[in-house]
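The values are calculated or read from the model by the stated rules, or taken from the named source; none is laboratory data. Just so it is clear, the model here is predicted, and its values are computed rather than measured. Quick reminder, even Gly has a Cβ in these numbers, built from the backbone with ideal geometry, and neighbours come from all protein chains shown. Only protein heavy atoms, including side chains, enter the accessible area calculation; ligands, DNA and RNA are left aside. Shrake-Rupley method; radii C 1.70, N 1.55, O 1.52, S 1.80 Å.
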Amino acid sequence: MEHVDLAILGAGAAGLFCAGLSLAQGRRVVVLDHAARPGDKIRISGGGRCNFTNMAAAPDRFISANPRFAASALARFSPADFVALVDRAGIAWHEKTQGQLFCDGKATQITGMLLDRMRGADLRLGCALGEVRHIGDRFRIDTGQGPISAARVVVATGGKSIPKMGATGYGYEVARAFGLRCLETRPGLVPLSFAEQDLALCRPLAGLSVEAAIAHGGAAFRDALLFTHRGISGPVILQISSFWQPGEALRIDLAPDLDIAAALKAARGKAGRVGLATTLSRHLPERLAQHVVAELGLPDARLADQPNAVLEAVGARVNRWHLRPVGTEGYRTAEVTLGGIDTRDLDARSMEARTVPGLHFIGECVDVTGWLGGYNFQWAWASADAAGRAA
Ligand code: FDA
């Protein structure tokens with residue numbers, strides 16, 4: 001049987017980065033993945049430009065049953081540490097917004113950098129993974145290319161998001177087989193789906209983007225909301241989807257800087273002969289303004305004729321739009337998987353299983369999920385760094 005110091009299961013963001021670190025410490029490293037290409041999710045990330053980190057990465061930007069778990073790894077490997085590597089590799093980047101760093105060129109530059117750093121490791125693609133067993137002080141990994149004996153194993157097989165790209169629940173199965181607890185998983189950063197009556201309201205606005213604010217489940221986001229033929233989407237919806245539970249309603253503010261009812265009342269006092277829709281369109285995109293007044297049965301209403309109750313209804317429709325999603329698009333389109341391997345069973349400094357010395361879990365399979373905006377890659381790098389130093 002083939003013997004290595006370290007077997008890394010999964011050649012995604014976390015696995016590739018961990019391989020480079022372990023190799024630098026002189027270990028014999030094998031990286032195994034059933035996919036045909038390494039780092040497939042990096043390739044499609046950030047619209048092809050990879051939002052590879054976020055300068056604001058801190059534990060409060062992550063969702064976990066134990067919000068402090070990520071603190072140690074995030075403190076020891078910061079966004080600036082990753083940026084230094086990106087700079088050293090000569091990859092040009094820019095900050096888009098809110099601390100989000102993207103490549104100027106292609107996301108594959110990041111994969112290229114990770115592969116360069118792990119040159120010397122044995123990368124085996126198209127390799128099916130089977131059972132992992134602890135035999136004596138080593139691990140035996142059954143693979144489609146024969147068994148491997150490893151002194152240490154790092155599981156970096158990600159979450160369940162986008163099964164079409166090879167995502168599986170393999171990491172959770174390995175964890176369970178070794179007696180680790182797993183928290184229920186669910187799709188995160190995922191488009192929400194809506195009932196037909198809500199879709200009918202949204203469809204005429206398809207293609208329109210507005211800045212919106214949503215507070216829900218203890219989180220608050222302000223970002224772009226996009227009306228689509230399938231309902232509403234955009235960054236603010238993806239963000240809040242990670243905090244939304246089935247059955248809950250959302251309250252969306254489509255004009256976060258303005259109390260619309262108050263603005264309409266003030267305008268009525270000055271130029272009441274103007275149409276309601278015209279006045280509203282001074283504060284909202286015209287299509288949205290027209291749509292709101294039509295929906296409330298006031299398409300040709302003059303501002304002067306409207307009592308306070310009507311203007312308050314218009315204000316409520318814009319500043320406090322109630323919508324009850326019926327579900328999410330699921331793992332098919334989710335960017336991440338919430339939940340996963342229970343952090344109570346892992347050492348926060350090394351990502352090692354507390355009861356199984358030599359077995360580490362990193363990246364998305366662990367119950368640490370970032371907000372939208374480069375946080376999930378930063379977790380992949382930071383957790384890989386923690387395990388890479390130890391393993
Ligand atoms: P990752 O999923 O990257 O890698 C897991 C690897 O394990 C894969 O190569 C897979 O083939 C392999 N594997 C799984 N099961 C296996 C099995 N049974 N046998 C063998 N191999 C197996 N984040 C961010 O910070 N910025 C961004 O711009 C984006 N953009 C983005 C866009 C889209 C469309 C998606 C789907 C996701 C993002 N993300 C993101 C999230 C980010 O891609 C994700 O958090 C990281 O890739 C997680 O890294 P991991 O290495 O943990 O898993």
Inter-residue pairs, beta-carbon under 7 Å, first under 16 Å from F17 (Cβ atoms) and in segment 94-122, second at pLDDT below 95 and among the acidic types (D, E), 6+ apart: none
Does segment 224-245 contain any residue that is among the charged types (D, E, K, R), over 30 Å from V132 (Cβ atoms) and open to solvent by less than 40 Å² (accessible area, probe 1.4 Å)? no
Test: E312 is surrounded by 15 or more Cβ atoms within 10 Å (Cβ to Cβ), among the charged types (D, E, K, R) and at pLDDT 95 or above: yes
Do you know which of the residues in segment 322-339 that are at pLDDT 95 or above and either crowded, with 18+ Cβ neighbours inside 10 Å or of a type in the set (D, E, K, R) (or both) is farthest from V274 (Cα to Cα)? G339
Using the structure shown, decide if D40 is over 16 Å from W371 (Cα atoms), buried (at least 16 other Cβ atoms within 10 Å of the Cβ) and over 18 Å from the mean Cα position of the chain (by Cα). no
Tell me, which residue of segment 355-378 that is among the polar types (S, T, N, Q) and under 9 Å from the mean Cα position of the chain (by Cα) is most open to solvent (accessible area, probe 1.4 Å)? N376
For segment 205-243, which positions are modelled with pLDDT under 90 and not in a strand (DSSP E or B)? H229, R230
Give just the number: which of (1) exposed (fewer than 15 other Cβ atoms within 10 Å of the Cβ); (2) in contact (Cβ under 8 Å) with a residue 12 or more places away in the chain; (3) aliphatic (A, V, I, L, M) does A75 not satisfy? (2)
How many residues, within segment 179-204, are assigned to a loop (DSSP other than H, G, I, E, B) and within 16 Å of the ligand (Cβ to nearest atom)? 3
Here the residues within segment 264-288 that are open to solvent by less than 20 Å² (accessible area, probe 1.4 Å) and either over 14 Å from A301 (Cβ atoms) or among the acidic types (D, E) (or both) are L284, L288
Mind checking which residues of segment 340-349 are within 16 Å of the ligand (Cβ to nearest atom) and surrounded by fewer than 24 Cβ atoms within 10 Å (Cβ to Cβ)? T343
Condition met for E352 (under 30 Å from L180 (Cβ atoms) and either open to solvent by 50 Å² or more (accessible area, probe 1.4 Å) or of a type in the set (G, A, S) (or both)): no
Before we move on, is V356 under 24 Å from V132 (Cβ atoms) and within 16 Å of the ligand (Cβ to nearest atom)? no
State the number of residues belonging to segment 343-391 that are modelled with pLDDT under 95 and part of a loop (DSSP other than H, G, I, E, B). 1
Segment 1-28, residues that are among the hydrophobic types (A, V, I, L, M, F, W, C), assigned to a loop (DSSP other than H, G, I, E, B) and crowded, with 21+ Cβ neighbours inside 10 Å: A11
Just to be sure, is G112 under 23 Å from K41 (Cβ atoms) and more than 29 Å from the chain's Cα centre (by Cα)? no
